[in-house]
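Written below as structure tokens is the structure these notes are about.
None of the figures in this text is laboratory data; all of them are computed from the coordinates on show. Just so it is clear, the structure is predicted and the values come from calculations on it, not from any experiment. Please note: Cβ atoms are built from the backbone with ideal geometry, for glycine as well, and neighbour counts cover all protein chains shown.
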Ligand SMILES: [Mn+2]
């Protein structure tokens with residue numbers, strides 16, 4: 001149960017914009033996520049579906065957003081869990097049907113128990129179905145049945161849908177550009193995650209467990225009524241060279257770096273930060289060399305996040321700095337052109353093997369097609385887009401397929417910030433999280 005993070009008008013505007021792309025005689029069906037079983041009769045914490053959160057802010061389980069315009073104008077409704085004393089004694093309070101209609105941005109509300117019968121008759125009355133499939137087996141089946149089972153009377157009366165479409169292509173385009181109100185919440189999320197990283201950096205000492213750093217960060221999220229937006233990555237020493245490491249069960253030794261990739265979620269809006277620091281409070285010469293290179297690549301990538309630049313401009317900027325730096329450090333022995341390759345696929349990718357940016361919003365890897373019209377380097381950046389910038393270098397000490405100078409072996413460094421695209425250039429939403437060597441060493445040694 002939660003409050004609405006946005007004004008009713010904001011939701012109504014989103015719904016109107018979405019509906020304006022749909023033809024007459026359409027029905028929209030957006031289910032929320034299902035509870036998923038952790039083990040036996042316990043489940044993972046529930047997290048509402050992002051389309052549901054986006055269109056109406058309903059964050060509780062077992063719900064559908066439904067709208068239709070077959071009466072000439074759009075009517076919206078929510079199907080929700082009805083009040084039920086016994087269920088509420090066991091599982092917690094429910095908002096219920098009446099309050100849903102009164103406080104949420106919909107025209108009407110119904111019990112979830114009525115969804116099948118109501119939708120069945122709505123399907124008869126509409127020509128086009130827009131449904132997010134794969135979430136509700138029973139609704140998917142109902143829609144399928146409405147197309148495949150033709151009764152004589154339905155055929156004669158021309159009833160029932162003639163098309164089924166996935167509305168996500170419309171909603172994803174909308175979600176790509178954040179409204180001022182969404183940006184405010186993304187800022188809060190970025191700020192909270194920055195504070196959590198500072199807490200973790202300052203608590204670091206040799207011998208600390210990766211899980212202890214994880215608990216400082218995630219504990220800080222929880223103590224601020226937030227939660228992680230993805231499982232925190234805390235990789236000490238060469239664990240930092242594993243991109244999606246999440247075991248977080250090793251001790252971090254004196255002399256090692258730790259890479260922490262952790263972000264939180266506020267009203268569903270994610271932050272995504274990575275910082276890398278020495279647990280003993282002092283970067284070694286070699287760690288410093290690699291860190292400086294990654295930081296220069298990150299700063300160049302942020303600078304490339306300008307309105308009109310292609311989505312991959314940040315990656316190209318970071319790649320050029322990385323390739324040049326790897327040559328200078330003697331890690332690559334070739335020309336810059338050779339290091340970069342014909343299409344940013346040269347040998348620098350042995351050590352920087354992931355992308356630089358992804359969209360950020362209601363999902364940490366947010367929706368939105370990067371090349372909607374086949375653009376080679378992605379669509380042009382627009383005001384209101386929010387994306388991460390996260391170059392990294394990884395010298396896994398167990399790799400046998402590449403030559404890694406032994407002095408750099410085992411080093412993994414990534415630096416990641418969240419960037420808002422504006423007409424005055426990129427704004428770093430996570431700017432309060434320190435990332436220069438001096439700032440980081442100061443915090444650990446304070
Ligand atoms: Mn990221």
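In the Gaussian network model of the chain, springs joining C-alpha atoms below 10 Å, which of 211, 398, 58 carries the largest mean-square fluctuation?
Result: 398 has the largest fluctuation of those listed.
Quick one, what does Rg over Rh come out to for region 235-375 if you take C-alpha atoms and the Kirkwood Rh?
Expressed as Rg/Rh, it is 0.99.
So for region 149-275, Kirkwood radius off the Cα pairs, Stokes-Einstein at 20 °C and 1.002 mPa s: how many µm² s⁻¹?
My calculation gives 123 µm²/s for D.
State, in angstrom, two size descriptors of region 265-321 derived from its alpha carbons: Rg to one decimal place and Dmax to the nearest whole number.
Just the Cα atoms of region 265-321 yield Rg and Dmax of 14.9, 43 Å.
What whole-number value in cubic angstrom gives the convex hull volume per residue for the C-alpha atoms of the chain?
175 Å³
If packing is taken as the average number of other Cβ atoms within 10 Å across a peptide's residues, how do 423-435, 407-419 rank, most packed first?
Descending packing order for the listed peptides: 407-419, 423-435.
Note down the relative contact order for region 62-195 as a percent, whole number, built from C-alpha pairs under 8 angstrom at least six residues apart.
Relative contact order, region 62-195: 18 percent.
How do the peptides 127-133, 317-323, 13-19 rank, highest first, by the average count of neighbouring beta carbon atoms within 10 Å per residue?
Ranking the peptides 127-133, 317-323, 13-19 by packing returns 317-323, 127-133, 13-19.
Any idea what Rg and Dmax come out to for region 307-440 if you just take the C-alpha atoms, in Å?
When restricted to the Cα atoms of region 307-440, Rg and Dmax are 16.3, 46 Å.
Taking the convex hull of the alpha carbon atoms in region 128-222, what volume per residue do you get, in Å³?
Given the Cα convex hull of region 128-222, per-residue volume reads 165 Å³.
Could you give the distance between the Cα centres of region 296-360 and region 26-88, to the whole Å?
A separation of 42 Å, based on Cα centres.
For region 1-90, what class follows from the C-alpha gyration tensor (a ≥ b ≥ c being the square roots of its eigenvalues): rounded when a/c is under 1.5, otherwise prolate if a/b is larger than b/c, else oblate?
Note, shape of region 1-90 comes out prolate.
Could you work out the Rg to Rh ratio of region 8-174, with Rh taken as the Kirkwood radius (inverse of the mean 1/r over all Cα pairs)?
Radius of gyration relative to Kirkwood radius: 0.98.
For region 40-139, what's the radius of gyration and Dmax over Cα atoms, in angstrom?
Every Cα atom of region 40-139 included, Rg and Dmax give 14.3, 48 Å.
What percent do you get for the relative contact order of region 230-280 when only Cα pairs under 8 Å and 6+ apart count?
35 percent
Compute the relative contact order of the chain as a whole-number percentage, counting only Cα pairs closer than 8 Å that sit 6 or more residues apart in sequence.
14 percent
If packing is taken as the mean number of other Cβ atoms within 10 Å per residue, what is the order of 350-362, 103-115, highest first?
With the highest mean Cβ count within 10 Å placed first, the list reads 350-362, 103-115.
Would you compute, from DSSP H runs of 4+ residues alone, the mean residue ellipticity of the chain at 222 nm, taking -39500 (n - 2.57) per run and dividing by the full residue count, rounded to the nearest 500?
-10500 deg cm²/dmol
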